[in-house]
Amino acid sequence: PADTPATLRELGNLHGIPLYKSFVEGWPQVEAFQARPDDLLISTYPKSGTTWLSEILDMIYQDGDVEKCRRDAIFNRVPFLEMKAPQIPSGVEQLEKTPSPRLVKTHLPVHLLPSSFWDKNCKVIYMARNPKDVVISYYYFYQMAKMHPDPGTLAEFLETFMAGKVAYGSWYEHVQGWWEKKHEKQLLYLFYEDMKKDPRQEVQKILRFLGKEVAEGTVERILHHTSFQEMKKNPAANYETMPTTLMDHSLSPFLRKGISGDWKNHFTVAQNERFDQHYQKHMAGSDLSFQMEA
Ligand code: A3P
């Protein structure tokens with residue numbers, strides 16, 4: 001399915017991290033980005049529930065007003081900091097035009113985040129997801145989102161992922177790097193699996209972190225509007241308004257399954273053993289742990 005030439009799909013390199021070449025080209029503007037003290041940064045490794053968390057936060061910012069949250073597509077309501085593609089405004093350009101208080105999305109590893117966010121002491125919400133579900137979700141995303149190289153077979157893609165040779169690099173370094181920041185910064189670290197199990201409790205955590213109080217009915221509306229079923233049919237949340245030259249939802253929808261443990265439908269027993277071994281080696285010494293199902 002190559003309406004995008006293979007050379008454009010090859011990943012470039014941003015300070016040692018594999019990344020889309022257009023993003024690498026746009027890096028000087030990102031590095032110089034001027035954060036504002038009331039910016040809220042939503043940070044994730046790809047496929048960890050970024051869109052879900054973004055919709056929850058926009059609902060909180062709009063006081064549970066569903067209609068206001070339909071004002072534009074999620075990728076415009078929550079601009080993607082390091083995004084750069086031909087013919088459309090970059091993430092930085094979008095952000096410069098966004099009135100405060102802004103929600104900002106990034107997938108950058110912690111050491112590459114523009115320093116302005118730390119200088120201005122911005123709040124950060126990080127969401128992590130177990131790597132087995134991330135790699136499966138990423139495998140489908142590589143196929144439907146045209147800026148990616150051909151992922152090959154799942155067996156091949158598992159190796160690419162474990163070696164950190166996918167866009168944004170090593171999952172292991174990403175989740176651990178942001179976890180360490182929690183000790184020194186205003187950072188709320190959430191897990192996709194917790195959000196699946198008890199979204200009400202996680203939304204309450206977010207509200208406390210933001211120092212925001214809302215009516216009980218508002219929490220109800222937030223939970224309903226951000227459920228997988230509601231988001232899947234919401235054109236402002238499901239990415240279907242992206243040009244099909246960039247994303248082909250007929251290959252795999254952006255809101256694909258939205259569950260924990262789908263990896264069990266994909267990994268062989270041998271692949272699972274190899275993945276577990278690699279995981280244990282790369283997470284050794286960290287007090288960070290993941291639920292591989294919910
Ligand atoms: P799956 O491919 O496993 O279905 P991101 O937004 O970071 O790219 O993450 C995408 C993943 O989050 C996809 O996972 C998608 O289905 C899932 N997702 C999006 N909205 C969700 C929701 N409201 N509830 C549960 N999962 C959701």
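Considering only residues that are polar (S, T, N, Q) and more than 16 Å from CYS69 (Cα to Cα), which ones fall in segment 202-228?
Residue satisfying the conditions is GLN204 alone.
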For this session: Kindly establish whether TYR172 is open to solvent by less than 50 Å² (accessible area, probe 1.4 Å), at pLDDT 95 or above and not in a loop (DSSP other than H, G, I, E, B).
Result: yes
Exercise. Taking segment 138-148, which residues are more than 13 Å from the ligand (Cβ to nearest atom) and either open to solvent by less than 30 Å² (accessible area, probe 1.4 Å) or out of contact with any Ser or Thr (no Cβ under 9 Å at 6 or more places or on another chain) (or both)?
Worked result: LYS146
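For the condition within 16 Å of the ligand (Cβ to nearest atom), free of Cβ contacts under 8 Å to residues at least 60 places away in the same chain and touching a helix residue (DSSP H, G or I) at 6+ places or on another chain (Cβ under 6 Å), what is the one hit in PRO151, PRO109? Before the answer, list the steps.
Working: PRO109 fails: free of Cβ contacts under 8 Å to residues at least 60 places away in the same chain.
Matching residue, one of PRO151, PRO109: PRO151.
With the structure loaded, tell me whether ASP63 is in contact with a helix residue (DSSP H, G or I) (Cβ under 7 Å, 6 or more places away or on another chain), acidic (Asp, Glu) and outside any loop (DSSP other than H, G, I, E, B) or whether it fails that test.
Numbers: in contact with a helix residue (DSSP H, G or I) (Cβ under 7 Å, 6 or more places away or on another chain): yes; acidic (Asp, Glu): yes; outside any loop (DSSP other than H, G, I, E, B): no.
Criteria not met by ASP63.
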Exercise. Taking segment 114-137, which residues are hydrophobic (A, V, I, L, M, F, W, C) and either open to solvent by 10 Å² or more (accessible area, probe 1.4 Å) or in contact with a helix residue (DSSP H, G or I) (Cβ under 9 Å, 6 or more places away or on another chain) (or both)?
Worked result: TRP118, CYS122, VAL124, ILE125, MET127, ALA128, VAL134, VAL135, ILE136
Exercise. Name the helices (runs of 4 or more DSSP H) wholly within segment 192-238 that hold at least 1 residues that are away from the ligand (no atom under 16 Å from the Cβ), within 23 Å of VAL124 (Cα to Cα) and open to solvent by 80 Å² or more (accessible area, probe 1.4 Å)?
Worked result: 199-210
Exercise. Looking at VAL66, VAL30, which is the one that is open to solvent by less than 10 Å² (accessible area, probe 1.4 Å), more than 10 Å from the ligand (Cβ to nearest atom) and on the phi < 0 side of the Ramachandran plot?
Worked result: VAL30
Problem set entry | Long-range neighbours under 8 Å by Cβ, at least six apart or interchain, first residue within 17 Å of ILE259 (Cα to Cα) within segment 178-203, second open to solvent by less than 10 Å² (accessible area, probe 1.4 Å) and assigned to a loop (DSSP other than H, G, I, E, B) | TYR192/SER48; TYR192/ASN130; GLU193/ASN130; PRO199/THR226
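The values are calculated or read from the model by the stated rules, or taken from the named source; none is laboratory data. Source: prediction; values computed, not measured. FYI the Cβ positions are ideal-geometry reconstructions off the backbone, even for glycines, and counts take in every protein chain you see. For the accessible areas, the whole protein counts, side chains as well, though only heavy atoms, and no ligand, DNA or RNA atoms are used. Shrake-Rupley method; radii C 1.70, N 1.55, O 1.52, S 1.80 Å.
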